[in-house]
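Novice: Next up is a structure, given as structure tokens.
The values are calculated or read from the model by the stated rules, or taken from the named source; none is laboratory data. Note that this is a predicted model, so its numbers are computed, not measured. All Cβ positions, even for glycine, are placed from backbone atoms using ideal geometry, and neighbour counts span all protein chains on display. Note: areas computed on protein heavy atoms with side chains; ligands, DNA, RNA excluded. Shrake-Rupley method; radii C 1.70, N 1.55, O 1.52, S 1.80 Å.
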Amino acid sequence: MKVQVRLSERDFLKFSMFDTFVHKKGWLRPALFAVILGTSAGVCFALRERRGAVLLGTVLLVVALGLPAAWILSFFLSVRRQAKGQGLAKGKYVYTLDLGDGELAVDNGHERASYPWGQIFRVYRRSDAAYLYINPQRAFLIPHSCVQGGGEALDRALEHCRPSGR
């Protein structure tokens, strides 16, 4: 099955959120930071009879909630800037994938590469796309809108191509 992948800004944003928050578990550090500082703020509020405890608790709580929120906002602004820089606002052809029996072949018009299915790191199936990771850091996106027959046809092709257990 050959798939000409055309990415939009929305596809790129959804993938970036998935890659950062699910695949790389990027939500853990900000959440842990917020929990530690939030707990410290709670201790300060519990000791409200002490001079300055409420002020310190308030500062800790503001930082506990503010820094993760600022990080998330920065993430979304950065992804949006990247999408605009790559010209994805109106959608753009990025590569053609050939889901063959023995390998995944990729052609972007300038380069061609092939990856044996047995060496594919991970395949994630989402409601509107599939993400084929050739290693933990690099993935190919396949929006269902680019596949003739939609997500069901893509799922059948992936089941046929990939060895079981991955």
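Novice: Just one of the numbered conditions (1) surrounded by fewer than 15 Cβ atoms within 10 Å (Cβ to Cβ); (2) farther than 19 Å from Val5 by Cβ; (3) touching a residue at least 24 places away in the same chain (Cβ under 8 Å); (4) touching a Gly at 6+ places or on another chain (Cβ under 9 Å) is not true of Asp128; which one?
Specialist: Unmet condition: (2).
Novice: Would you point out the residue of segment 1-46, among those that are out of contact with any helix residue (DSSP H, G or I) (no Cβ under 6 Å at 6 or more places or on another chain) and among the aromatic types (Phe, Trp, Tyr), that is least open to solvent (accessible area, probe 1.4 Å)?
Specialist: Per the criteria, the residue is Phe18.
Novice: Can you find, within segment 47-92, the residue that is nearest to Tyr115 (Cα to Cα) among those that are open to solvent by 90 Å² or more (accessible area, probe 1.4 Å) and outside any helix (DSSP H, G or I)?
Specialist: Checking each candidate, the answer is Lys90.
Novice: Please work out which residue is farthest from Phe15 (Cα to Cα), limiting yourself to segment 131-163 and to residues that are open to solvent by 100 Å² or more (accessible area, probe 1.4 Å) and within 19 Å of the chain's Cα centre (by Cα).
Specialist: Ser145
Novice: May I ask you to verify whether Gly100 is open to solvent by less than 30 Å² (accessible area, probe 1.4 Å) and small (Gly, Ala, Ser)?
Specialist: When the stated conditions are applied, Gly100 passes them.
Novice: Considering only residues that are at pLDDT 90 or above and open to solvent by 40 Å² or more (accessible area, probe 1.4 Å), which ones fall in segment 109-125?
Specialist: Scanning segment 109-125 gives His110, Glu111, Arg112, Ser114, Tyr115, Pro116, Phe121, Arg122, Arg125.
Novice: When you scan segment 1-54, how many residues do you find that are charged (D, E, K, R) and closer than 17 Å to Gly66 by Cβ?
Specialist: Residues in segment 1-54 being charged (D, E, K, R) and closer than 17 Å to Gly66 by Cβ: 1 in total.
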